Structure formats: structure tokens, C-alpha cells
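Undergrad: My structure is below; once you've seen it, I'll send some questions.
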Amino acid sequence: MTCKRFLMASFCTVQIFGASPIYLFNLGYEAPDLVAPAFILIIPRGQTMNLQIGIIGWTVMARGEYAFHKYLTVGISQNFTPMNSNASIYRYSDGHRNPDLDYKNSTQLVESYIRKKRTRNWTSQYSLIYLNEKVKDTDYDSFWEKPHAGISATETWRSVEYEDFFNNRWDGFKLAGQIQMFPWGHSWYRGKLSAGFGLLSQPWYWKVSGKLFFSENLNVVNQFIVGGLWELEPLNFMQGSHYGEYRIDEGLLFNVMADRKLTEATELGARMSLLRAGNESYFGYGLKMITIYEGIVLNVGLSISDKALKNRDLNNLIFATSLTFGFM
């Protein structure tokens, strides 16, 4: 569960690394007891088809894409999570695990999509979604008794000269918008707008990113999950919080980072996050070390919330690490 959609952008690495199979591994840990392994195999089939299979935490995933030409691709994906879907057994209140809030949740998600590259920087994707949530021990069990069918649209603008998929870094500008709509039965929708700017100017790297969340008729199962120190692009990571600590219907999330290269293989950086949800604001701060050895990327982070820092409560200091490597 380190990243339930671990390096979804890694699908793009097929075009970088060529036609050989690509193996990606990740092992994440967050104190005190969250361990999240991930393995993905990407198999290019000629110049037009890519296959991807993997296990990400509790999720088994499979995906296939076919490119009619470089501007038009169709695909289908299926994810199955037999337990602990949507961080259902990692619930928090006031910064601490609260087992009384846990619930049972398994998920089947099937998505078919068309992706069109409109210009060098602009890409559109339109999807049909089948979502089947099996839920127990919540006030919304009846909401999920039947499967939900929906549609989604994603627009992405990328003006990037350099990108590091393993560390979620880039040199340039990104802008994206996504909305998912489920209009039948218990209708609901959710969407987000995201933007980020990264600047690589040796020996420094700077990045500012933000997300705006909006929705209607969400509940504990389909709310946005915010929190954690794993800085993977699909996740709503935030300093000073645990993975899954915040569940929101709408809000703003900002992350600021600055890293300095100490040696050819080691960097040290500072982090700051702000979450605005409803009438509440949450701040967090962190330090992170990144080191690379023989192609293995090690990230080690320490983080604390603004509230804990003001109260000098070092017991709420959060430690997290991840180990990532890949080969062909």
C-alpha cells in the first residue's frame, strides 16, 4: 500500500528504456507498523502494445495498452484489493491510530480508456469505470451494496525537460485536472486540479506543488485520502502526518521542498506542507535524505506536525523510509 498506484507514471518508462521487460521494486516503511511492498513488471510487446502486472500492497493489478499510433492509445486495467482497501484498517484521530474507526473493505476496479496526445505537452484521457466496493462496519454499507459505474476525464499539461520517476522530481511545469462521475444509483463525483513547478539548479533542487480537491456525496470509503511521507505523484503526501491520517471531501494541499546535493550520490532536503480542509488548517515539516548505491534509491524521512512541534511532543515524530530499484 506504499502507493496503491505505485509509479503509475512508470508506464511511461517503457518509452525511455526501450522494448525490454522492466522490473520495478519498492519497499516502504512508516513507523510504527506500516510496511508496504510493491512489485511491477512492464512488458513491451512490439511497438504498439504494453502489458503491466504487479502486486502493490494488498492490490493485484493488470493493465494492457495498444497504440494505434503515437497520438492515440486505448487500454484496460483491473485492480483487485481483497482487504484493507482505501486504508480501511489504518484510521487515525488526533494523530494516533484508532482501531475503533477501522472497517472492512475490498475493491474491484475495472477501467477502460482512450488516451489522446493532442500536442507535445497536452494529453487527454477518457475512461469508463466499473467500481465494486464490498464494505462492512460503516454507516454507509447500503451505499455500496451494488457496483457503481462511472466515467472520468483527465487533462494533463507537461512542459518538462528532466524527470526522476523514483523521487517524483522534474525540471519544468505540470498542470493536470481530473474528474470522476458516478451518476447512477447513489450518485457522486470527485475531482482535483493539480499544478507543480520544479527547478534543478545544481547543487539545489526546488519544487512547489499544490492540489485542489472538490466533490459531492462522498463518505468514508470514497473520500480523498491525504497524509504520509512517501513522495509518489499519485499520493496526496503531507509532512507531519501518517498515510491515511486525513480523509476530506474538499480542500487545498500544498507541498514545498528544497534539496541540496552533498555528494554525487547523496542529497539532504527540507520539506513543508499545508492542508486546508473546511475551517481547519494543518501544517507539517520534514527532513529527507536521498542516497543512491548501485542503482538502488534509498529515501529516509523524519517529519513532525506543527501542533506537535509547538507542544514539543517528540513522541509524534514520524519516521518513514523507502527502498526502490528497477532493472531490465
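The values are calculated or read from the model by the stated rules, or taken from the named source; none is laboratory data. Given the structure is predicted, the values throughout are model-derived calculations rather than measurements. Virtual Cβ from ideal backbone geometry, glycine too; neighbours counted across all protein chains shown.
Undergrad: Just one of Thr107, Thr138 is part of a loop (DSSP other than H, G, I, E, B), among the hydroxyl-bearing types (Ser, Thr, Tyr) and crowded, with 17+ Cβ neighbours inside 10 Å; which is it?
TA: Every option except Thr138 fails the conditions.
Undergrad: Turning to a different aspect of this structure: All but one of (1) within 13 Å of Met238 (Cα to Cα); (2) among the basic types (Lys, Arg); (3) over 20 Å from the mean Cα position of the chain (by Cα) hold for Lys261, so report the exception by its number.
TA: Condition not satisfied by Lys261: (1).
Undergrad: Could you tell me which residue of the range 216-227 is surrounded by the fewest Cβ atoms within 10 Å (Cβ to Cβ), considering only residues that are closer than 21 Å to Ala36 by Cα and either under 10 Å from the mean Cα position of the chain (by Cα) or charged (D, E, K, R) (or both)?
TA: Ile225
Undergrad: Within the range 278-317, count every residue that is part of a strand (DSSP E or B), among the aliphatic types (A, V, I, L, M) and without any contact (Cβ under 8 Å) to a residue 12 or more places away in the chain.
TA: Of the residues in the range 278-317, 0 are part of a strand (DSSP E or B), among the aliphatic types (A, V, I, L, M) and without any contact (Cβ under 8 Å) to a residue 12 or more places away in the chain.
Undergrad: Select from the range 212-254 the residues that are polar (S, T, N, Q) and in a loop (DSSP other than H, G, I, E, B) and write down the one among them that is farthest from Trp144 (Cα to Cα).
TA: Looking at residues that are polar (S, T, N, Q) and in a loop (DSSP other than H, G, I, E, B), I get Gln239.
Undergrad: Can you go through Ser241, Ser201 and tell me which one is among the hydroxyl-bearing types (Ser, Thr, Tyr) and touching a Gly at 6+ places or on another chain (Cβ under 9 Å)? Break it down stepwise before answering.
TA: On the way: Ser201 fails: touching a Gly at 6+ places or on another chain (Cβ under 9 Å).
Only one candidate qualifies: Ser241.
Undergrad: Among the listed residues Leu128, Leu109, Leu101, identify the single one that is out of contact with any Pro (no Cβ under 7 Å at 6 or more places or on another chain), among the aliphatic types (A, V, I, L, M) and under 21 Å from Phe68 (Cβ atoms).
TA: Leu128
Undergrad: Quickly run through the range 209-228 and pick out the residues that are touching a residue at least 60 places away in the same chain (Cβ under 8 Å) and out of contact with any Asp or Glu (no Cβ under 7 Å at 6 or more places or on another chain).
TA: Hits for the range 209-228 are Asn219, Val220, Asn222, Ile225.
Undergrad: Of the residues Asn279, Asn255, which is of a type outside the set (Asp, Glu), within 16 Å of Phe213 (Cα to Cα) and at pLDDT below 95?
TA: When all the criteria are applied, what remains is Asn279.
Undergrad: Here's a follow-up. Quick one: would you say Ile304 is of a type in the set (A, V, I, L, M, F, W, C), buried (at least 18 other Cβ atoms within 10 Å of the Cβ) and touching a Ser or Thr at 6+ places or on another chain (Cβ under 7 Å)?
TA: No: the conditions fail for Ile304.
Undergrad: Quick one: what pairs do we get from the range 118-132, first residue within 12 Å of Leu72 (Cβ to Cβ), second hydroxyl-bearing (Ser, Thr, Tyr) and surrounded by 15 or more Cβ atoms within 10 Å (Cβ to Cβ), C-beta under 6 Å, 6+ apart or different chains?
TA: Matching pairs, first to second residue: Thr123/Thr156; Gln125/Tyr113; Gln125/Thr154.
Undergrad: Select from the range 196-215 the residues that are of a type in the set (S, T, N, Q) and under 14 Å from the mean Cα position of the chain (by Cα) and list them in ascending order.
TA: If we filter the range 196-215 for residues that are of a type in the set (S, T, N, Q), which is where we start, we get 201-202, 209, 215.
Listed by number, the list holds a single entry, Ser209.
Undergrad: On to the next question. I want to confirm something. Restricting to the range 198-215 and keeping residues that are loosely packed, with under 15 Cβ neighbours inside 10 Å and of a type in the set (S, T, N, Q), which single residue is farthest from Glu267 (Cα to Cα)?
TA: Ranking the qualifying residues of the range 198-215, first place goes to Ser201.
Undergrad: Here's a check for you: in the range 142-193, which residue that is part of a loop (DSSP other than H, G, I, E, B) and either basic (Lys, Arg) or in contact (Cβ under 8 Å) with a residue 60 or more places away in the chain (or both) is surrounded by the fewest Cβ atoms within 10 Å (Cβ to Cβ)? Spell out the reasoning first.
TA: Of the range 142-193, the ones part of a loop (DSSP other than H, G, I, E, B) are 145-147, 165-168, 183-187.
Adding the requirement that they be either basic (Lys, Arg) or in contact (Cβ under 8 Å) with a residue 60 or more places away in the chain (or both) leaves 146, 165-168.
Details: Lys146: 12, Phe165: 20, Phe166: 21, Asn167: 20, Asn168: 22.
The selected residue is Lys146.
Undergrad: Identify the residue in the range 228-252 that is among the acidic types (Asp, Glu), under 16 Å from Gly210 (Cβ atoms) and under 16 Å from the mean Cα position of the chain (by Cα) and, among all such residues, is surrounded by the fewest Cβ atoms within 10 Å (Cβ to Cβ). Give the steps one after another, and end with the answer.
TA: We begin by selecting, within the range 228-252, every residue among the acidic types (Asp, Glu); these are 231, 233, 245, 249-250.
Adding the requirement that they be under 16 Å from Gly210 (Cβ atoms) leaves 231, 233, 250.
Filter once more, keeping what is under 16 Å from the mean Cα position of the chain (by Cα): 231, 233.
Working: Glu231: 25, Glu233: 19.
Going through the qualifying residues, I end up with Glu233.
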